[in-house]
Ligand code: AMP
C-alpha cells in the first residue's frame, strides 16, 4: 500500500514526501479511501497512530477537488479538539500537509486575545481548528460564519466528552449545515460516544486500528544520575564507550544546545545544533549532515525537533529533562520507530528530580536508574531551581496550558 494508490493528488503527495513518510499507517490506509468517498466515519484511533494525517489529507484532497466559490475563502472545514495543545498541533499538521495548496487555516482557542482571531476570520479562512468553548464565544459574537461548513471533524471526541464539552459540541453542531461529512475520532467507544455518533453521524463506516505500543513501552529507557557539571563528560564517555555513530541529544534551551556543541567539539565529537534561532537552511543542512553520518551528534531543542523524522535512530539522549512532561514522550519517540530497537538515556541531575517524577507519573512507570561508576553524584550538592531559557513552561506558554496539569474547570478550558 502506498500513498499514491490512496487517491491523493500531487500537492499532497509532495507534502507527504517532504515529511519523509514512505507508506500510510493502518489508520490512514483504512480511513483515507472511505473519507474520499464522502462517507461519515467513526474511527477508533489513539494519538501516535497517524490519525491527524488520516483525516487531514483526505479533507484537503476533497477541498481541492471542490469547485471554486465566489468568495475566495469560506470556512469549509471545522475541526474540534479538546485542548489548545491538540488544536495547535492539528493546525500545524494542516499547514504542513496543505503547504502546496492555496487554503488558509486558522486556530481558535481560549486563553489568548480574541481580537486577532476575529481579524483572521474576517480576512477569510477555509479551515478552522478550534476548542469548543472559544468557538462558542465567536458564534455568540457572530464573528464566525459556519454556514458553508462541509466537513466536521471531532478529534479525540472521548476526551472532549470527559472534559464536559458535550453540550458545547451540540451547540456548535446546531450551527452547521445538515448536509456535511462528519468524521469522529475517539480512542475509546463508550456509550456516550455511541450516542454522539448516533445523533450526528449518518451511516458511519466503523474504522478501528489496533492500539500501537507507545514509545514509552517499546523504547529501552534509562536514567543516569549525574552532577550537572559532569553531564558533558558523561555524554562523551557514553558516546565513546558505545561507539555511537548517530545520537540525537535534547537540551532545554537554544543557548544550552550551542554550548554543548562547542564542548563536544573540544572532545573531538562532531556535533551540530538545530533550534529556533537557526535559519531554515541551516536546519536543513544540519539535518542532512546528521542523516548522512557527517556529524555524530545532533543537538536539538524540543520545538526544533518536532519536524525531524529520521528512520532507525538508535540513540536519544535527554541531556536535560524537559519541563513539559509530554515532551519526554515525544523525544524518546524519535527512537525505536517501526519496530527498530531504540535506547533513550536521560542524564539527570539533582535539580531535575521533580521533572523526573512528573515524567514517571505521566508514563505510569519507573524508568530504570543507573549510577555509573566514576560519575556518581556528589551527595553534598543541593538542588537549585532551574532557570528557564525559552518561553516554555513560563507564564502564558505551553507549559502552563499543559492539559494534564490543568485543573478541569470551565474557565481554564476556554
Ligand atoms: P498522530 O497520531 O496524528 O499524532 O501522528 C503521530 C506521528 O506520526 C506524527 O509525528 C506524524 O508526523 C507521524 N506520521 C503520520 N503519518 C505517518 C506516516 N505515514 N509515516 C510516518 N510517520 C507518520
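Here are the numbers for the structure shown:
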{"item": "Enumeration of residues in region 22-46 that are within 10 Å of the ligand (Cβ to nearest atom), buried (at least 16 other Cβ atoms within 10 Å of the Cβ) and assigned to a loop (DSSP other than H, G, I, E, B)", "result": "24, 25, 45, 46"}
{"item": "Those residues of region 141-156 which are touching a residue at least 60 places away in the same chain (Cβ under 8 Å) and touching a helix residue (DSSP H, G or I) at 6+ places or on another chain (Cβ under 9 Å), in sequence order", "result": "144, 145, 146, 150, 151, 152, 153, 154, 155, 156"}
{"item": "Which listed residue is farther than 25 Å from residue 128 by Cβ and assigned by TED's automatic domain parsing to the domain that holds residue 86, from 52, 25", "result": "25"}
{"item": "Evaluation of residue 138 against (1) part of a helix (DSSP H, G or I); (2) in contact (Cβ under 8 Å) with a residue 60 or more places away in the chain; (3) more than 27 Å from residue 194 (Cβ to Cβ) (one fails), failing number", "result": "(2)"}
{"item": "Condition met for residue 6 (more than 23 Å from the chain's Cα centre (by Cα) and within 12 Å of the ligand (Cβ to nearest atom))", "result": "yes"}
{"item": "Residues within region 147-162 that are over 20 Å from residue 88 (Cβ atoms), within 27 Å of the chain's Cα centre (by Cα) and assigned to a loop (DSSP other than H, G, I, E, B), tallied", "result": "2"}
{"item": "Residue match in region 343-363 (condition: over 16 Å from the mean Cα position of the chain (by Cα), over 25 Å from residue 85 (Cα atoms) and at pLDDT below 85)", "result": "no"}
{"item": "Enumeration of residues in region 172-202 that are touching a helix residue (DSSP H, G or I) at 6+ places or on another chain (Cβ under 7 Å) and surrounded by fewer than 15 Cβ atoms within 10 Å (Cβ to Cβ)", "result": "188, 190"}
{"item": "Flag if residue 52 is near the ligand (Cβ under 10 Å from one of its atoms) and in a loop (DSSP other than H, G, I, E, B)", "result": "no"}
{"item": "So residue 71, is it within 16 Å of the ligand (Cβ to nearest atom), in contact (Cβ under 8 Å) with a residue 40 or more places away in the chain and surrounded by fewer than 19 Cβ atoms within 10 Å (Cβ to Cβ)", "result": "no"}
{"item": "Every residue from region 1-21 that is assigned to a loop (DSSP other than H, G, I, E, B) and out of contact with any helix residue (DSSP H, G or I) (no Cβ under 8 Å at 6 or more places or on another chain)", "result": "2, 20"}
{"item": "Candidate set: region 263-284, residues that are in a helix (DSSP H, G or I) and in contact (Cβ under 8 Å) with a residue 24 or more places away in the chain; chosen: the one surrounded by the fewest Cβ atoms within 10 Å (Cβ to Cβ)", "result": "263"}
{"item": "Identity of the residue in region 115-135, part of a loop (DSSP other than H, G, I, E, B) and touching a strand residue (DSSP E or B) at 6+ places or on another chain (Cβ under 9 Å), that ends up surrounded by the fewest Cβ atoms within 10 Å (Cβ to Cβ)", "result": "125"}
{"item": "Some residue of region 290-303 being in contact with a strand residue (DSSP E or B) (Cβ under 7 Å, 6 or more places away or on another chain), farther than 20 Å from residue 235 by Cα, surrounded by 13 or more Cβ atoms within 10 Å (Cβ to Cβ) and at pLDDT below 90", "result": "no"}
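Rundown of residues vs (1) in a helix (DSSP H, G or I); (2) within 30 Å of residue 132 (Cβ to Cβ), yes/no style:
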residue: 164; (1), (2): no, yes
residue: 167; (1), (2): yes, yes
residue: 182; (1), (2): no, yes
residue: 189; (1), (2): no, yes
residue: 203; (1), (2): no, yes
residue: 221; (1), (2): no, no
residue: 239; (1), (2): yes, no
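The values are calculated or read from the model by the stated rules, or taken from the named source; none is laboratory data. Since this is a predicted model, take the numbers as computed values, not measurements. All Cβ positions, even for glycine, are placed from backbone atoms using ideal geometry, and neighbour counts span all protein chains on display.
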